[in-house]
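Report on one structure; see the data block that follows.
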Amino acid sequence: QVQLVESGGGLVQAGGSLRLSCAASGSIFRINDMGWYRQAPGNQRELVARITNSGITRYADSVKGRFTISRDNAKNTVYLQMNSLKPEDTAVYYCNALRDYNNYWGQGTQVTVSS
């Protein structure tokens, strides 16, 4: 089992920045990709960004150029730096880890962007 704990969400004005962190613990050996997803009320959960254990990244078109995902393998932690935030970025953000073809999820952290 892999446990994921997110932190760093909150309320910010449009144009502001937040940094999310996700620490992995438990059976972290052989974790492959890690990533961030988000879910706004009434919407499906969607990919925000992913990063492989070798550092290859992928972003949703809506966040390219504004968000940056990074990973510290020594600390088993993945980060999401979010700049130039927009009200439409408001959602619960979930950390995800892929290990041996199994997906693990954090409990989610709320990000609210006011206009």
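Could you do me a favour and compute the accessible area per residue for the chain, 1.4 Å probe, result in Å²?
Details: 6050 Å² over 115 residues.
Per residue, the chain has an accessible area of 53 Å².
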Residue-by-residue Karplus 3J(HN,Hα) for segment 13-22, coefficients 6.51, -1.76, 1.60, Hz, glycine and proline x: 7, 4, x, x, 10, 9, 10, 9, 10, 9
The chain, accessible surface, carbon-and-sulfur percent (1.4 angstrom probe): 47
Per-pair calculated FRET efficiency, R0 = 35 Å: residue 68 and residue 30 via Cβ, rounded to 0.05: 0.85
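So what's the convex hull volume per residue for the Cα atoms of the chain, in Å³?
Value for the chain: 93 Å³ per residue.
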Viscosity 1.567 mPa s, 4 °C: Kirkwood-radius Stokes-Einstein D of segment 1-64 over Cα pairs, µm²/s: 95
Inter-label distance, nm, simple model (7 Å from Cα along the C-beta direction), residue 103/residue 115: 3.1
Using a Förster distance of 22 Å, the FRET efficiency for residue 5-residue 40 (Cβ separation, nearest 0.05): 0.50
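The values are calculated or read from the model by the stated rules, or taken from the named source; none is laboratory data. Quick caveat, the model's predicted, so the values are computed rather than measured. When we count neighbours, we look across all protein chains shown, and the Cβ atoms used for this are built from the backbone with ideal geometry, even at glycine. Remember, those area values only see protein heavy atoms, side chains included, never the ligands or the DNA or RNA. Shrake-Rupley method; radii C 1.70, N 1.55, O 1.52, S 1.80 Å.
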